[in-house]
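Report on the following structure.
Each reported figure results from applying straightforward, stated rules to the coordinates on display, with no laboratory input. The model shown is predicted, which means the values in this text are computed figures rather than measured ones. So basically every Cβ, Gly included, is an ideal-geometry build from the backbone, and we count neighbours across all protein chains shown.
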Amino acid sequence: MFTNLDASTTHSHLIPPHGGELINLNVDGERAAELKAQSRDFPSWDLTARHIRDLELLLNGGFSPLGGFMTKADYEGVCHNMKLTSGVLWPIPITLDVTESFAKALKPGSSKIALRDAEGVMLAVLHVEDVWQPDRKAEAKAVFNTTSPIHPGVNYLLNKENAWYVGGRIEGLQPPAHYDFKNLRLTPAELRVEFARLGWRRVVAFQTRNPMHRAHVELTLRAAKQVEANLLIHPSVGVTKLGDVDYFTRVRCYQLLLAKYPHGTAKLSLLPLAMRLGGPREAIWHALIRKNHGCTHLIVGRDHAGPGKDADGKSLVYVEDEDKYFPEDEVLKDVHVLHLSGTELRQRLNEGRDIPAWFTYPEVVQELRRSFPPRHKQGLTVFFTGLSGSGKSTIASVLVTKFLEVGGRPVTLLDGDLVRKHLSSELGFSKEHRDLNIHRIGYVASEITKNGGIAICAPIAPYDSTRKHVRAMIEPLGGFIMVHLSTSVDVCEQRDRKGLYAKARAGIIKEFTGISDPYEEPDDAEVVINTAEFTPEEAAQEIILHLEREGFIGLNEELA
């Protein structure tokens with residue numbers, strides 16, 4: 001469906017911004033220089049990617065009528081009844097979360113904060129008006145109607161260490177830097193100028209965080225025709241959902257599709273939005289944001305911007321008997337309906353299978369295959385975990401040799417002892433240092449995987465939460481297979497050539513995994529091997545067979 005954003009739209013003027021005025025929080029050069037000189041005395045806060053996207057839309061008016069990060073009163077009004085203290089509708093809290101120690105050093109009414117990007121560049125100054133500790137669980141229930149950590153938005157709220165909020169007006173010194181797709185990154189003011197130049201009066205916006213296919217083109221064409229409007233394809237290219245197709249690939253696909261629309265009736269612009277996946281509230285939020293950009297209508301899909309599985313191809317279905325797309329609720333039960341979900345599309349790409357022509361365009365398939373080659377050509381991390389003496393290093397070395405025999409992808413071994421020697425020599429064996437060591441291994445493996453190589457990691461990795469962190473870091477970039485060597489402490493101790501277990505039992509070595517420090521067995525390992533029952537070569541072959549089944553090792557003709 002699509003929603004009219006403002007009934008007062010006229011044929012002679014663009015739709016007014018939400019609240020009546022397009023906010024611009026950027027100061028002039030003289031004021032910027034003054035604030036930079038004063039900032040030596042300001043505390044600094046480094047913004048996350050989510051904060052930077054929020055700040056960008058605050059500065060350029062995309063979040064009009066907001067003038068900064070929300071104060072406590074505005075935050076509570078939005079959470080409880082979706083209204084600011086001014087009475088204006090607003091559904092999503094826009095907040096800056098900080099640590100308790102940072103928050104308690106601030107003085108509302110007098111403190112100013114230098115807001116900086118990851119490289120330390122000051123983007124804006126926040127004039128502190130409110131500092132408070134919110135009830136994050138209540139916020140999750142109000143905004144997302146759930147407190148389940150499975151929801152990405154809830155998970156962000158409940159697992160964020162920064163438990164305090166700071167609110168106040170903002171003065172912007174410079175927008176966040178972008179070096180990609182500059183001609184497509186139009187601010188609300190720039191887009192309004194462009195609409196006026198083109199003579200566009202009614203504009204239907206289409207929000208998406210996924211690639212577009214034939215059904216999406218048909219859907220947007222129908223929506224625009226129904227209200228005799230032009231079309232703005234306005235995808236979110238800020239923070240979306242873990243596992244989404246990267247926006248670089250998506251934008252290239254969107255660009256290819258512009259030629260599918262009647263000349264002069266469709267435009268592409270990118271929205272640097274950090275999505276919350278807030279369902280109904282977020283649908284309203286998206287409508288208000290597009291209203292600020294000059295759009296009069298917004299296409300709202302089922303579970304619009306919600307946390308569930310994407311609905312690629314579900315709004316319209318392809319009827320083979322008619323060779324056309326029809327709205328899902330209009331399709332008769334006795335006709336042959338073809339449907340391909342976004343999940344199945346990704347599976348087909350992973351497996352190198354055919355993408356049917358009725359689903360998408362050949363140029364889109366070509367672009368997707370460039371970024372998502374079949375699994376046997378993707379990067380891969382094989383992550384071993386197990387007690388000292390379980391055989392991790394030996395089996396990992398055998399596995400490296402087998403991969404080198406096949407060839408085609410560079411292979412790197414990140415053995416626990418070698419990493420300790422070359423990458424983490426200053427670390428001890430406390431839980432904090434163990435976690436940091438595994439995070440380092442995970443980061444290096446993620447870079448290898450991202451660039452199409454194979455990383456074989458063989459640390460002890462005793463803690464479940466740390467292993468899951470590494471998995472989450474790598475899986476969006478390629479393959480991740482965890483191998484648990486479940487060999488018992490008794491067997492590992494019998495094999496101990498270095499005498500480490502004996503020293504641990506004598507108290508000479510402190511914090512030794514399996515003796516004086518815990519080992520948390522994984523419940524998410526793809527491969528489990530008890531090396532008391534397998535030779536190193538047999539164990540490595542078991543892993544190879546699993547990788548072959550999952551498509552990470554191709555047939556000989558595929559590897560050629």
If the chain between Ala196 and Asn145 were fully extended at 0.36 nm per residue, the gain over the current Cα-Cα distance would be 14.4 nm
Beyond 40 Å, the calculated P(r) of the chain holds a percent of Cα-Cα pairs equal to 38
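Under unit Cβ charges (Lys, Arg +1; Asp, Glu -1), what dipole magnitude, rounded to 20 debye, does the range 507-555 have relative to its Cα centre?
Its charge dipole is roughly 180 debye.
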Taking the convex hull of the alpha-carbon atoms of the range 189-261 and averaging its shadow over every direction gives an area in square nanometres of 5.5
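For an R0 of 30 angstrom, estimate the FRET efficiency from the Cβ-Cβ distance between Lys137 and Glu521 and round to the nearest 0.05.
Rounded to the nearest 0.05, the efficiency is 0.50.
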Listed with the fewest Cβ neighbours within 10 Å leading, His178, His484 appear as His178, His484
Phi angles of the range 359-370, converted by Karplus (6.51 cos²θ - 1.76 cosθ + 1.60, θ = phi - 60°) into ³J(HN,Hα) in whole Hz with x for Gly and Pro, give 7, 8, 8, x, 5, 6, 4, 4, 5, 5, 5, 4
Each label sits 7 Å from Cα toward the beta-carbon; between Glu30 and Asn530 the label points are separated, in nm, by 8.1
Taking the alpha-carbon centre of each part, the distance from the range 48-91 to the range 466-536 in Å is 47
Residues whose built amide H sits under 5 Å from the amide H of Leu414, excluding neighbours closer than 5 in sequence, are Ile456, Cys457, Ala458
Across all Cα atoms of the range 375-559, Rg and the largest Cα-Cα distance (Dmax), in Å, are 16.1, 56
In this structure, among Lys72/Lys141; Lys83/Lys107; Lys104/Lys137; Lys160/Lys468; Lys160/Lys241; Lys72/Lys107, pairs with alpha-carbon gaps over 19 Å are Lys83/Lys107; Lys104/Lys137
Candidate cut points under GluC sites (Glu not before Pro) in the range 98-168, DSSP loop plus at most 14 other Cβ atoms within 10 Å of their own Cβ, are Glu119, Glu161
Counting only residues 5 or more apart in sequence or on a different chain, those whose built amide H sits under 5 Å from that of Ala266 are Leu231
On the formula 1/(1 + (r/R0)^6), with r taken between the Cβ atoms of Leu545 and Val491 and R0 of 22 Å, the FRET efficiency rounded to 0.05 is 0.40
One point scatterer per Cα, no solvent, Debye formula: log10 I(q)/I(0) for the range 29-172 at q = 0.12, 0.21 Å⁻¹ comes out as -0.48, -1.44
Computed for the chain: size of charge dipole around the Cα centre, +1 on C-beta of each Lys and Arg, -1 on C-beta of each Asp and Glu, debye to nearest 20, value 1200
